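The values are calculated or read from the model by the stated rules, or taken from the named source; none is laboratory data. The shown structure was predicted, so the numbers you read here are calculated from the model rather than taken from an experiment. As a convention, Cβ positions derive from the backbone with ideal geometry for all residues, glycine included, and neighbour counts pool all protein chains shown. These area figures cover heavy atoms from the full protein model, side chains too; ligands, DNA and RNA do not enter into them. Shrake-Rupley method; radii C 1.70, N 1.55, O 1.52, S 1.80 Å.
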Amino acid sequence: MNKNIALVTGASSGIGEALSRELIERGWSVIGVARSSDKLTNIQKELGNDFIPVVCDVSNKLDIKKTSKNISEQNLCPSIFFLNAGMAGEKVIENPKEFNLEMHEKIMAVNYFGVLAFVECWEKPCQENGGANFIVTSSVNAIFAAPTGSAYCASKAAISKAFESLSLTYFATNLKFSSIYTGPVATDGLKGNWPFTWKPEKMAKYMADFSTTGKSRGEPSLFYAVVCRLLRALPHRWTMKILKKM
């Protein structure tokens, strides 16, 4: 099987699309996974046969199993998984006057269970094929939980801790697990005027470079790495004053 294959979820837009382009420029073939068939088809027309579009709903474990089986039956086995798809932006902003458990369930289905379903499907095939690196797109919100984002922050913290444990569990094997704690990225889902916002293309280059380091943790933005830890340590009244100015 070809070892030079990457699987990217959320490949139809934002970081996932930029990452697919970056990897193909570096000589990889990319299995681009997303829900939008039209967007994936348009990307393939531009990038050519090195981009392999695969329609899949990452919130549905059965769909992920079916999709993974179809990929394997084509004699394709990725050596890198960029598990990037996730619910973010306005879709995860909560109403401070009404707690909604259903929102937590929907977000966890994508940002947590949707990631681990790929691990479950590909653990054995990748071990038999020489190994693989599973890289999840986490967030600085896994470090500092911002207001009106309890579900999103919890999902990113949960998947980061899961990957931290998996990295140790599979230590000295041919499987690696890594988390990238991204700061704000200028995608359609980002709202507000945040300082030091990265473009998707810049993040894609960072992630592609990171995948070669063998590290289990990446924090692209020094600014947000420091600020998030500071906000978490401060009394709430000071934290909220700072957030209102950002």
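Only one of these conditions is not met by residue 124: (1) open to solvent by less than 40 Å² (accessible area, probe 1.4 Å); (2) of a type in the set (Lys, Arg); (3) over 15 Å from the mean Cα position of the chain (by Cα). Which number is it?
Here residue 124 clears every test but (1).
For (1) free of Cβ contacts under 8 Å to residues at least 12 places away in the same chain; (2) over 26 Å from residue 212 (Cβ atoms); (3) open to solvent by 20 Å² or more (accessible area, probe 1.4 Å), each residue gets a yes or a no:
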{"position": "21", "(1), (2), (3)": "no, no, yes"}
{"position": "29", "(1), (2), (3)": "no, no, yes"}
{"position": "51", "(1), (2), (3)": "no, no, no"}
{"position": "57", "(1), (2), (3)": "no, yes, yes"}
{"position": "64", "(1), (2), (3)": "no, yes, no"}
{"position": "90", "(1), (2), (3)": "no, yes, yes"}
{"position": "94", "(1), (2), (3)": "no, yes, yes"}
{"position": "107", "(1), (2), (3)": "no, yes, no"}
{"position": "111", "(1), (2), (3)": "no, no, no"}
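Condition check: within 24 Å of residue 158 (Cα to Cα), modelled with pLDDT under 95 and within 17 Å of the chain's Cα centre (by Cα). Does residue 187 satisfy that? Quick ask: steps written out before the conclusion?
On the way: within 24 Å of residue 158 (Cα to Cα): yes; modelled with pLDDT under 95: yes; within 17 Å of the chain's Cα centre (by Cα): yes.
Judged against the criteria, residue 187 is a match.
Only one of these is more than 13 Å from the chain's Cα centre (by Cα), surrounded by 15 or more Cβ atoms within 10 Å (Cβ to Cβ) and part of a loop (DSSP other than H, G, I, E, B): 99, 144. Name it. So that I can check it myself, show each step before the final result.
On the way: 99 fails: surrounded by 15 or more Cβ atoms within 10 Å (Cβ to Cβ).
Going through 99, 144 in turn, the sole match is 144.
Take the residues in segment 147-191 that are free of Cβ contacts under 8 Å to residues at least 40 places away in the same chain and under 28 Å from residue 95 (Cα atoms); name whichever of them is surrounded by the most Cβ atoms within 10 Å (Cβ to Cβ).
Filtering segment 147-191 down to residues free of Cβ contacts under 8 Å to residues at least 40 places away in the same chain leaves 153, 157, 160-161, 165, 168-172, 186.
Checking the rest, the ones that are also under 28 Å from residue 95 (Cα atoms) come to 153, 157, 160-161, 186.
Numbers: 153: 21, 157: 18, 160: 19, 161: 13, 186: 15.
Filtering segment 147-191 for residues that are free of Cβ contacts under 8 Å to residues at least 40 places away in the same chain and under 28 Å from residue 95 (Cα atoms), the one surrounded by the most Cβ atoms within 10 Å (Cβ to Cβ) comes out as 153.
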